[in-house]
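A.B. asks: Can you keep this structure in mind? I'll have questions shortly.
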């Protein structure tokens, strides 16, 4: 017979700072990174972790090669902590919602050029309906946005859905698809055409997204799959602002989403034909944490986005 676990009234002993600390620890698996995100010292993180384990009466993390590995018990405790955090956020929104006017703040992260032009429309709809609801729009690196979503720093993110299924905590809804082109001065070229004649383009100056952006990952993978050498003359960017001016000044090629083109329909192909030609198609969508309850404000923003989805480049304009 094993020892009987002592009874603990977690409602009295666990504090809100423990809830937040454990959530971030589970996400980062690092005391140093947790300290950075919470703005406290590493010693304070260590002390807080020990306090939680003392209250629980069991070890929640194993230390393996400098990385925190959560135990099975830890996963259950983290789930409870996230529910508590989400309920407190929702409570604040619910109290405001009772007054029939949504307030508070909804934080949206984005890194999807094809969706940028829809942000003003969504914001206009939201502000017309709930003028006192504050929207925070964060443009950032894709991996940083995903991490911020998992630590409840963001409510929703708009990104390329590449390999999103590997994030167990996250749910997603696709909004539209688009393909990538190569801008060569005034000419927009299909990516498949450039790959087919790679020897003509390899030595040119290339303007590419920085590593860590989904477009760059796809670009590198498609070259590698064909055994093609990556270009040596590269200018990297994490925002499309100014890229066309740089391309004009350097006589460079810009690897860009078709939405950046003035006439995207000239190079557009139906999805089946695009795949058959070896084009690079991106599926863009909205992502949220499915184990965290959305506040009424976040839910309204989410439903506004779904109600006014962008068209894919190959879809006819019926407006």
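A.B. asks: For residue 123, are the conditions met, namely being free of Cβ contacts under 8 Å to residues at least 40 places away in the same chain and within 19 Å of residue 284 (Cβ to Cβ)? Let's see the steps before the verdict.
C.D. replies: Working: free of Cβ contacts under 8 Å to residues at least 40 places away in the same chain: yes; within 19 Å of residue 284 (Cβ to Cβ): yes.
Considered against the rule, which asks whether it is free of Cβ contacts under 8 Å to residues at least 40 places away in the same chain and within 19 Å of residue 284 (Cβ to Cβ), residue 123 comes out as yes.
A.B. asks: May I ask you to verify whether residue 146 is outside the structural domain of residue 240 (by TED's automatic domain parsing) and buried (at least 19 other Cβ atoms within 10 Å of the Cβ)? Step through it out loud before you land on a result.
C.D. replies: Working: outside the structural domain of residue 240 (by TED's automatic domain parsing): yes; buried (at least 19 other Cβ atoms within 10 Å of the Cβ): yes.
Spelling it out, residue 146 is indeed outside the structural domain of residue 240 (by TED's automatic domain parsing) and buried (at least 19 other Cβ atoms within 10 Å of the Cβ).
A.B. asks: Among the residues of the stretch 51-76, write down those that are crowded, with 16+ Cβ neighbours inside 10 Å and within 18 Å of residue 33 (Cα to Cα).
C.D. replies: Passing the criteria: 60, 61, 68, 70.
A.B. asks: Output the number of the condition that residue 165 fails; it satisfies all remaining conditions of (1) over 20 Å from residue 297 (Cα atoms); (2) not in a helix (DSSP H, G or I).
C.D. replies: Condition not satisfied by residue 165: (2).
A.B. asks: Looking at the stretch 211-237, which of the residues that are in a loop (DSSP other than H, G, I, E, B) and in contact with a strand residue (DSSP E or B) (Cβ under 7 Å, 6 or more places away or on another chain) is surrounded by the most Cβ atoms within 10 Å (Cβ to Cβ)?
C.D. replies: Residues of the stretch 211-237 in a loop (DSSP other than H, G, I, E, B): 212, 226-233.
Within this subset, residues satisfying the condition of being in contact with a strand residue (DSSP E or B) (Cβ under 7 Å, 6 or more places away or on another chain) are 231, 233.
Values: 231: 19, 233: 12.
Checking each candidate, the answer is 231.
A.B. asks: Mind telling me which of the residues 166, 104 ends up being out of contact with any helix residue (DSSP H, G or I) (no Cβ under 9 Å at 6 or more places or on another chain) and assigned by TED's automatic domain parsing to the domain that holds residue 297? Spell out how you get there, then give the answer.
C.D. replies: Working: 104 fails: out of contact with any helix residue (DSSP H, G or I) (no Cβ under 9 Å at 6 or more places or on another chain).
166 is the lone residue from the list that is out of contact with any helix residue (DSSP H, G or I) (no Cβ under 9 Å at 6 or more places or on another chain) and assigned by TED's automatic domain parsing to the domain that holds residue 297.
A.B. asks: Moving on. Working carefully through the options 128, 111, find the one that is touching a helix residue (DSSP H, G or I) at 6+ places or on another chain (Cβ under 9 Å) and either over 19 Å from residue 239 (Cβ atoms) or buried (at least 17 other Cβ atoms within 10 Å of the Cβ) (or both). Spell out how you get there, then give the answer.
C.D. replies: Values: 128 fails: touching a helix residue (DSSP H, G or I) at 6+ places or on another chain (Cβ under 9 Å).
Answer to the selection: 111.
A.B. asks: Residue check: is residue 41 more than 28 Å from the chain's Cα centre (by Cα) and without any contact (Cβ under 8 Å) to a residue 40 or more places away in the chain? Steps first, answer last, please.
C.D. replies: On the way: more than 28 Å from the chain's Cα centre (by Cα): no; without any contact (Cβ under 8 Å) to a residue 40 or more places away in the chain: yes.
Here the answer is no, as residue 41 does not meet what is asked.
The values are calculated or read from the model by the stated rules, or taken from the named source; none is laboratory data. None of these values were measured; they are calculated from a predicted model. FYI the Cβ positions are ideal-geometry reconstructions off the backbone, even for glycines, and counts take in every protein chain you see.
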